[in-house]
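Notes for the one structure printed next.
The values are calculated or read from the model by the stated rules, or taken from the named source; none is laboratory data. Bear in mind the structure is a predicted one, so any value in this text is a computation, not a measurement. Cβ atoms come from the backbone with ideal geometry, glycine included; neighbour counts cover every protein chain shown. These accessible areas exclude ligands, DNA and RNA; they are computed on the full protein's heavy atoms, side chains included. Shrake-Rupley method; radii C 1.70, N 1.55, O 1.52, S 1.80 Å.
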Amino acid sequence: MSDMLINQGTAFHADWLEGIRVNKSAVERRTSSLGGRRAVKKDSQIAFMLKAISCIDLTTLAGDDTPGRVRRLCGKARRPVRADILEAFGLADMQLTTGAVCVYHEMVEEAVAALDGSGVPVAAVSTGFPAGLAPMETRLEEIKRSVAAGAGEIDIVVTRAHVLTGNWQALYDEVKTFKEACGPALMKSILATGEHGNLTQVGKASMVAMMAGSDFIKTSTGMEGVNATLPVSLVMMRQIRDFHEKTGQKVGYKPAGGIKTAKDAVLYLALVKEELGRDWLEPELFRFGASSLLGDLERQLEYHATGAYSVAYRHPMG
């Protein structure tokens, strides 16, 4: 994997937010017909599914995580598709891995050791995940400890109240402080968009997080009532495009939570391609936050290779 792109951020520009107005009906019309108008078939479908796998942050964020489970998940990240399936497509030499492995701080060292030499980075959820309501000094210390333990990526949680009250300066200051604590690690800002009230707030929060230096903006913790959706993704992608036009800097996008099927993954990739362009179809600029998506992708690939569906337990995650 090549070096990640780093967003240097900008000063806080309140005027950039004034023009952000989202027409919910228009957004829903744009996304509702995506699959029907742009179906991906045969070889292109296989290519899209392999691309999706390379962009997964393979995740385990359970209270009963153990070192053994994390090691098995890292083994899957190293070899996400069974060798016989890749051989059937003439891709036996393909060096396919997932984009990252995402864990709590407690499991960072275990994951780093298990992934040594693979090129797969470890992402740590941080800053009082998932609520983000721990004291600021605790949140900053958590970031620093995860980076010291070897995490190359930090997924931070913003304070939802700043978004809900429109306190954009406070949101900017918070995210900028988190970015400084990340040091050399790439930072993904989790906006928890299902709790923002409306799409206009999502758009403004996305722009503020990028101004403050977020390398990725991420929809959700995966633990809200509403997580990643195509309408939210369209709004966030268009803010990424606008930020790039304003600054020349490319920021990544990560939908997380509720993306479970190969069909869903292909729709998201199609939307990324149309809204942001080919450059964003790489793990440097796009990730899926998922724990079960890989299983369905591998199962669908086996169907294309053999003509028959296998049972899910033939594709364990860990």
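General remarks:
- Count of the stretch 77-99 residues which are assigned to a loop (DSSP other than H, G, I, E, B), open to solvent by less than 20 Å² (accessible area, probe 1.4 Å) and aliphatic (A, V, I, L, M): 2
- One residue from SER44, SER33, SER54 being within 24 Å of LEU269 (Cβ to Cβ) and under 19 Å from the mean Cα position of the chain (by Cα): SER54
- Within the stretch 264-280, residues that are in contact (Cβ under 8 Å) with a residue 40 or more places away in the chain and of a type in the set (D, E, K, R) sit with their Cβ atoms under 9 Å from residues that are assigned to a helix (DSSP H, G or I) and open to solvent by 20 Å² or more (accessible area, probe 1.4 Å), at 6+ positions apart or across chains, in these pairs: GLU275/ARG238; GLU275/ARG241.
- Hey, ALA39 of a type in the set (A, V, I, L, M), outside any helix (DSSP H, G or I), closer than 27 Å to GLY119 by Cβ and at pLDDT below 95 or not: no
- Across the stretch 272-318, the number of residues qualifying as in a helix (DSSP H, G or I), surrounded by fewer than 21 Cβ atoms within 10 Å (Cβ to Cβ) and among the hydrophobic types (A, V, I, L, M, F, W, C) comes to 2.
- Answer from CYS74, CYS102, CYS55 - the residue that is surrounded by 21 or more Cβ atoms within 10 Å (Cβ to Cβ) and touching an Asp or Glu at 6+ places or on another chain (Cβ under 7 Å): CYS102
- Condition check for ASN198 on (1) touching a residue at least 60 places away in the same chain (Cβ under 8 Å); (2) polar (S, T, N, Q); (3) closer than 19 Å to LEU58 by Cα: one failure, at (3).
- Only one of THR98, THR165, THR138 that is of a type in the set (S, T, N, Q) and touching a residue at least 24 places away in the same chain (Cβ under 8 Å): THR98
- Those residues of the stretch 201-236 which are outside any loop (DSSP other than H, G, I, E, B), over 21 Å from LYS179 (Cβ atoms) and touching a strand residue (DSSP E or B) at 6+ places or on another chain (Cβ under 9 Å), in sequence order: SER233
- Pair list, Cβ < 8 Å and 6+ apart or interchain, from the stretch 55-72 residues that are in a strand (DSSP E or B) to residues that are open to solvent by 20 Å² or more (accessible area, probe 1.4 Å): LEU58/LYS76; LEU58/SER291; LEU58/MET317; THR59/GLY222; THR59/SER291
- Qualifying residue in the stretch 249-269 (condition: more than 17 Å from the chain's Cα centre (by Cα) and closer than 18 Å to PHE48 by Cβ): yes
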